[in-house]
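Asks: First, the structure itself, so that you have it in front of you.
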Amino acid sequence: FTLRLTSLPAPPGAALLAFGFDIVRWNGVPLPIALDTFGLPGCRIWVGPSSGWTFLLMHPGNAMNFTFGIPANPALAGRVVGAQALVLDAAATLGL
């Protein structure tokens with residue numbers, strides 16, 4: 001499976017990519033969760049990340065592909081999986 005991240009900052013940098021099965025609630029809190037109080041106005045957590053399914057990636061700037069295999073595990077049949085990336089952008093204005 002290939003997931004494409006776009007609209008990344010032009011300079012190369014880092015991105016945190018998380019996958020999760022929780023797309024309605026995470027730790028008892030309804031999703032999405034606003035991150036305004038953490039100095040990230042307009043940002044939201046849309047996916048409750050699953051343990052072992054979070055990856056720190058280095059991107060070349062602008063866009064990148066993340067390719068991975070999906071295990072042939074019957075327990076995954078019919079499951080809905082969400083993905084979300086947090087991209088570090090030194091030029092972004094924080095709401096602090």
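The values are calculated or read from the model by the stated rules, or taken from the named source; none is laboratory data. Remember, it's a predicted structure, so these values are computed and weren't measured experimentally. Glycine also receives a Cβ, built like all others from the backbone with ideal geometry; neighbour counts cover every protein chain displayed. Only protein heavy atoms, including side chains, enter the accessible area calculation; ligands, DNA and RNA are left aside. Shrake-Rupley method; radii C 1.70, N 1.55, O 1.52, S 1.80 Å.
Asks: When the label point is put 7 Å from the Cα of residue 23 along its Cα-to-beta-carbon vector, which residues of region 50-84 have a backbone N closer than 11 Å?
Replies: Backbone N within reach: 79-84.
Asks: From the backbone phi of region 7-18, what are the Karplus-calculated ³J(HN,Hα) couplings (6.51 cos²θ - 1.76 cosθ + 1.60, θ = phi - 60°) in whole Hz, Gly and Pro given as x?
Replies: For region 7-18, the Karplus-derived couplings read 6, 7, x, 4, x, x, x, 10, 9, 9, 10, 10 Hz, x marking Gly and Pro.
Asks: Among (1) 1.39; (2) 1.18; (3) 1.06, find the value of Cα Rg over 2.2 N^0.38 Å that was calculated from the structure presented, and write down its label.
Replies: Computed from the coordinates, Cα Rg over 2.2 N^0.38 Å corresponds to (2).
Asks: What whole-number value in Å² describes the accessible area per residue of the chain for a 1.4 Å probe?
Replies: Heavy-atom accessible area per residue stands at 67 Å².
Asks: When the chain is modelled as a GNM with alpha-carbon springs shorter than 10 Å, which of 72, 14, 63 fluctuates the most?
Replies: Taking springs between Cα atoms under 10 Å, the residue moving most is 72.
Asks: Next question. Spin-label point model (7 Å from Cα, Cβ direction): what's the residue 51 to residue 35 distance in nm?
Replies: 2.3 nm
Asks: Take the chain, connect every pair of alpha-carbon atoms lying under 10 Å apart with a spring to form a Gaussian network, then pick out the residue of 18, 83, 34 with the largest mean-square fluctuation.
Replies: 34
Asks: What residue among 70, 33, 45 shows peak mean-square fluctuation when the chain is described by a Gaussian network model with Cα springs under 10 Å?
Replies: Highest fluctuation of the listed residues: 70.
Asks: Less than 12 Å from a label point 7 Å out along the Cα-to-Cβ axis of residue 2: which backbone N atoms in region 45-70 qualify, by residue?
Replies: 64-68
Asks: Oh, and also: Which residues' amide hydrogens lie under 5 Å from the amide hydrogen of residue 62, considering only partners 5 or more residues apart or on another chain, with H built in the peptide plane?
Replies: 8, 10
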